[in-house]
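Peer 1: Following this message is one structure expressed as structure tokens.
The values are calculated or read from the model by the stated rules, or taken from the named source; none is laboratory data. The shown structure was predicted, so the numbers you read here are calculated from the model rather than taken from an experiment. Surface accessibility is based on the protein's heavy atoms, side chains included, excluding ligands, DNA and RNA. Shrake-Rupley method; radii C 1.70, N 1.55, O 1.52, S 1.80 Å.
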Amino acid sequence: DLVLVLRAETSVLYSRLETRGYSEKKLSDNVEAEIMQVILDEAREAYREEIVIELPSNTVEDIESNVARTSAWLQAWRPGAN
């Protein structure tokens, strides 16, 4: 029904993954995948393009907004939610 793809600027992504202790190879692979928008393209290939939503996830405000939007979508989707 809905596919959400969270995107992050490569500098933000690198810092997050470095903080988590990712190896240099894994850091490089993940940043390269983000640059090439691999996950977004795979989602668009696997699902109807109109249900694939790309959301920025760079800041705490972005993340809070994404949680609120996702929650609203879920409530609208659930039978009898209104």
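Peer 1: What number of residues within segment 1-19 satisfy the criterion of being closer than 21 Å to THR70 by Cα and open to solvent by 70 Å² or more (accessible area, probe 1.4 Å)?
Peer 2: Result for segment 1-19: 4.
Peer 1: May I pose another question? On the given criteria, is LEU27 farther than 23 Å from LEU74 by Cα and either among the small types (Gly, Ala, Ser) or at pLDDT 95 or above (or both)?
Peer 2: yes
Residue-by-condition table, conditions (1) modelled with pLDDT under 95; (2) open to solvent by 70 Å² or more (accessible area, probe 1.4 Å); (3) within 27 Å of ARG16 (Cα to Cα):
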{"site": "GLU32", "(1), (2), (3)": "no, yes, yes"}
{"site": "ILE39", "(1), (2), (3)": "no, yes, yes"}
{"site": "GLU45", "(1), (2), (3)": "no, yes, no"}
{"site": "ARG48", "(1), (2), (3)": "no, yes, no"}
{"site": "PRO56", "(1), (2), (3)": "no, no, yes"}
{"site": "ASP62", "(1), (2), (3)": "no, no, yes"}
{"site": "SER71", "(1), (2), (3)": "yes, no, yes"}
{"site": "ASN82", "(1), (2), (3)": "yes, yes, no"}
